[in-house]
Amino acid sequence: MFYCLPVLALFSGCASGSDDNNGLSSIVKTPVEVVDGIMTPEIMLRLGRVSDPQLSPDGSRILYGVTYTDIEQNRSVRQLFVMNADGSGNRRITDFSSGASCARWYKDGSKILFIRGGQIYSMPLSGGKPRRISDVPAGIAEFKLSPDHSRLMYISEVQYAKKPTDIYPDLPKSTGREIDDLMYRHWDKFVENIPHTFVADLKAEGETLSLGDGVDIVGGTLYELPTLPFGGLEQLSWSPDGKYIAYSCRKVTGKEYAFSTDTDIYLYDLGSGECRNLTDGMDGYDNEPVFSPDGSKIAWISMERAGFEADKQRLFVIDLVTGEKKDLTADYAYNATSPVWKKSGDGLYFCSLVNALQGIFEVDLGGNVSRITPEDCWYDFGAVIEDGDRLIACNNSMSRPDEIVSVSLGDGSFVQLTHENDDIYSGLKQERYEERWIMTTDGKKMHTWVVYPPDFDPSRKYPAMLFCTGGPQGTLSQSWSTRWNFKLMAHHGYIVILPNRRGTTAFGQPWCDQISGDYCGQNMKDYMSAARELKKEPYVGKMGASGASYGGYSIYYLAGTHDGFFDAFLAHAGIFNQEQMYMMTEELWFPTWDNGGAPWDDNPVAKRHYANSPHKLIKNWDTPLMVTHGELDYRVPVEQGMAAFNAAQMMGVPSRMLLFPDENHWILKPQNAVHWQRDFFSWFDKWLK
């Protein structure tokens, strides 16, 4: 059968946003076929992905986006919606073929601004054609309006590396890159251009808006602003009076950049151009600065230790008059993120992962932390917007992607405001989720999620899948992913085992820290503790294991040490040869910290680490292994996967490799994603069912 909301009713009144001038067809919600109530990769990718809610100036409406994927066209497009603040009156306001991002209310809310095709457009909500207001040659990635909407800051790229014609003008067809320093490539690109942030006047002449020339905040430098590869304008904040910008920046380049995590918070005076470092001497990551409502303070997220990306994320506040800094979460054991000032200015809201659930918390300026969402609420919540006696946020779970919710400040309960995928979910069967606390080999309790297939029958036997998480510092929480989708695995008939082993971040800093310098140690025992505990169940049959990045390292390591326990493996973007990896990855602070140093360092931690690299265990490999990798992956270069596959072939191990020349550390293009999922299940079905 087909399950879909009535298209005409949902999308009435949206013609004002149509565009047909770029040769591509619009992508909107289309009917989805659900057979026997089972999720498929195609259904998963066609789910609408809700994001970025924005409350109107008068608090009466919410502007947000939904991303739709068309597998046949092999692309996704984000359309814009508006609804009343109580969730009623939902209507789509765009019908774009190229999508829209960064949608923001302008002035009184009669008009919105957004990015389309790399430029900023304005559009009245009452109807009318979008009007382009910017003309930035390098394009605009993101923007943020000043408090009075007279100016905006935006991200655009500037040239970093010399082009061949800059060196030899008479060789216009040369493609050579001259490299004299480190960090010449990052994540999935060679570093030829970097982001800078510009500030420009937003001019209004009647109903017509235009953007003035931009002033580069870090002009004349080769510093990134915001920091690559994932930073955005959450790293910059306007002061309430619009005279200052606080921003996070790592002001080093080349080899020093490759070994540094020292981002600092800077205060930039828009009038004079003067800039001062507010966190000089704080050597770890400092980011996400936000001004207090009266402009007298700035809050930000800070890590203490240099060269470590998974240190405790502390919520700091600085008084701009006295210069006094205070850690508001000094007595709080977990990480803070996404800080938002209360409108009263007497505290902040933040998100935090605690025992594998990301909740919403608040803290006063005395450092007293309290939880808003209940401890037993099996959802992960994102950044919040304060609206009277409630908060507007998005939440998701392993069972469903993000929806916009209204969270009560009284008791933390939430009401779902958007119902983007209810039509599809009404036809899907429900899998079952379980929490277990499993005893580890060193006598500690380890949190583990277990996901059971729909219509689970304990009298039957089911294949099981141990999932090895990446990071290595991360958390298996109630979050939704289209890359590793545990609902999809369960609907394919697998019991999914998700251990929050040593190194995960939601169980206090000692639990997180333990994995550094001990990749081959306790966390591997934790994986086996979870696998053996589930294997005791009479309904668990053959067992496979899969994982990506550090999870891929885990697969390669388990392949050499599991002693026949597992029946098949799959590693995506996995670390195989730690010695080569150290010299091929880009951000070198990461392996330096986690490996205990370089392969040539003469210290016990580094020597043990490299001596136990998975590539030194291939003589023990005898279990079917599939390898997948993206060729644009510069974090874990593709040669790691190729070497593992080649080794398996030479050892006579049943093996397969799936490479994507146009993908990075993740598999993002729709048809590639479907291809990956189909191969994933065909591989494990062959060996486990």
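A few notes on this one:
- Given (1) assigned to a strand (DSSP E or B); (2) open to solvent by less than 20 Å² (accessible area, probe 1.4 Å); (3) out of contact with any Gly (no Cβ under 9 Å at 6 or more places or on another chain), number of the condition MET398 does not satisfy: (1)
- Which listed residue is among the aliphatic types (A, V, I, L, M), modelled with pLDDT of 95 or more and surrounded by fewer than 24 Cβ atoms within 10 Å (Cβ to Cβ), from ALA506, ALA545: ALA506
- With respect to the conditions (1) touching a helix residue (DSSP H, G or I) at 6+ places or on another chain (Cβ under 8 Å); (2) surrounded by fewer than 21 Cβ atoms within 10 Å (Cβ to Cβ); (3) not β-branched (Val, Ile, Thr), HIS572 falls short on a single one, namely (2).
- Condition met for GLY307 (part of a loop (DSSP other than H, G, I, E, B) and open to solvent by less than 20 Å² (accessible area, probe 1.4 Å)): yes
- Top-ranked residue of segment 132-153 - restricted to ones that are hydrophobic (A, V, I, L, M, F, W, C) and in a loop (DSSP other than H, G, I, E, B), ranked as farthest from the chain's Cα centre (by Cα): ILE133
- Every residue from segment 509-525 that is under 25 Å from THR337 (Cβ atoms) and open to solvent by less than 10 Å² (accessible area, probe 1.4 Å): CYS512, ILE515, ASN523
- Within segment 310-331, the residues that satisfy the criterion of being farther than 24 Å from TRP511 by Cα and either of a type outside the set (Lys, Arg) or open to solvent by less than 10 Å² (accessible area, probe 1.4 Å) (or both) are VAL317, ILE318, ASP319, LEU320, VAL321, THR322, GLY323, GLU324.
- Picking from residues in segment 126-159 that are basic (Lys, Arg) and open to solvent by less than 80 Å² (accessible area, probe 1.4 Å), the one that is farthest from GLY212 (Cα to Cα) is LYS144.
- Scanning segment 269-304 for residues that are over 21 Å from VAL384 (Cα atoms), touching a strand residue (DSSP E or B) at 6+ places or on another chain (Cβ under 8 Å) and open to solvent by 20 Å² or more (accessible area, probe 1.4 Å) yields a count of 11.
- Where strands (runs of 3 or more DSSP E) sit wholly within segment 207-254, those with at least 1 residues that are surrounded by fewer than 17 Cβ atoms within 10 Å (Cβ to Cβ) occupy 208-211.
- Among residues of segment 501-519 that are under 9 Å from ASN335 (Cα atoms), those with a Cβ under 9 angstrom from a residue that is surrounded by fewer than 21 Cβ atoms within 10 Å (Cβ to Cβ) and among the β-branched types (Val, Ile, Thr), sequence gap 6+ or separate chain, pair up as ALA506/VAL354.
- A Cβ distance below 7 Å, combined with a sequence gap of six or more or placement on separate chains, defines the contacts here; from segment 120-148, residues that are farther than 21 Å from GLY242 by Cα reach residues that are open to solvent by 70 Å² or more (accessible area, probe 1.4 Å) and among the charged types (D, E, K, R) in the pairs TYR121/ARG131; TYR121/ARG132; SER122/ARG131; ALA138/GLU157.
- Some residue of segment 473-480 being outside any loop (DSSP other than H, G, I, E, B) and either touching a residue at least 12 places away in the same chain (Cβ under 8 Å) or at positive phi (or both): no
- When VAL199, VAL215 are checked against the criterion of being under 21 Å from ILE133 (Cβ atoms) and in contact (Cβ under 8 Å) with a residue 60 or more places away in the chain, a single residue qualifies: VAL199.
- Filter result (modelled with pLDDT of 95 or more, out of contact with any Phe, Trp or Tyr (no Cβ under 8 Å at 6 or more places or on another chain) and closer than 29 Å to TRP187 by Cβ) within segment 212-230: VAL218, THR221, TYR223, GLU224, THR227
- In the set (1) over 25 Å from the mean Cα position of the chain (by Cα); (2) open to solvent by less than 50 Å² (accessible area, probe 1.4 Å), GLN640 fails one condition alone, (1).
- The single residue among ALA506, ALA490, ALA559, ALA545 that is assigned to a loop (DSSP other than H, G, I, E, B) and of a type in the set (A, V, I, L, M, F, W, C) turns out to be ALA506.
- Strands (runs of 3 or more DSSP E) (entirely within segment 408-461) containing at least 3 residues that are surrounded by 13 or more Cβ atoms within 10 Å (Cβ to Cβ): 432-439, 445-452
- For segment 644-664, the candidate set comprises residues that are buried (at least 19 other Cβ atoms within 10 Å of the Cβ) and of a type in the set (A, V, I, L, M, F, W, C); within that set, the residue that is nearest to the chain's Cα centre (by Cα) is PHE660.
- The C-beta contact set for segment 424-448 (first residue touching a residue at least 40 places away in the same chain (Cβ under 8 Å) and of a type in the set (Phe, Trp, Tyr), second residue part of a loop (DSSP other than H, G, I, E, B) and open to solvent by less than 40 Å² (accessible area, probe 1.4 Å), distance under 8 angstrom, 6+ apart or interchain) comprises TYR433/MET398; TYR433/SER399.
- Of the helices (runs of 4 or more DSSP H) lying entirely inside segment 566-673, those containing at least 1 residues that are within 30 Å of ARG46 (Cβ to Cβ) are 638-650.
- Segment 106-118 residues that are crowded, with 21+ Cβ neighbours inside 10 Å, paired with ones that are at pLDDT below 95 and among the aromatic types (Phe, Trp, Tyr) (beta carbon under 8 Å, 6 or more apart): ARG116/PHE96
The values are calculated or read from the model by the stated rules, or taken from the named source; none is laboratory data. Note that the structure is a prediction, hence the values are computed from the model and not measured. Note: ideal-geometry Cβ built from the backbone for every residue, glycine included; neighbour counts use all protein chains shown. Just so you know, the surface numbers come from the protein's heavy atoms only, side chains and all, with ligands and any DNA or RNA stripped out. Shrake-Rupley method; radii C 1.70, N 1.55, O 1.52, S 1.80 Å.
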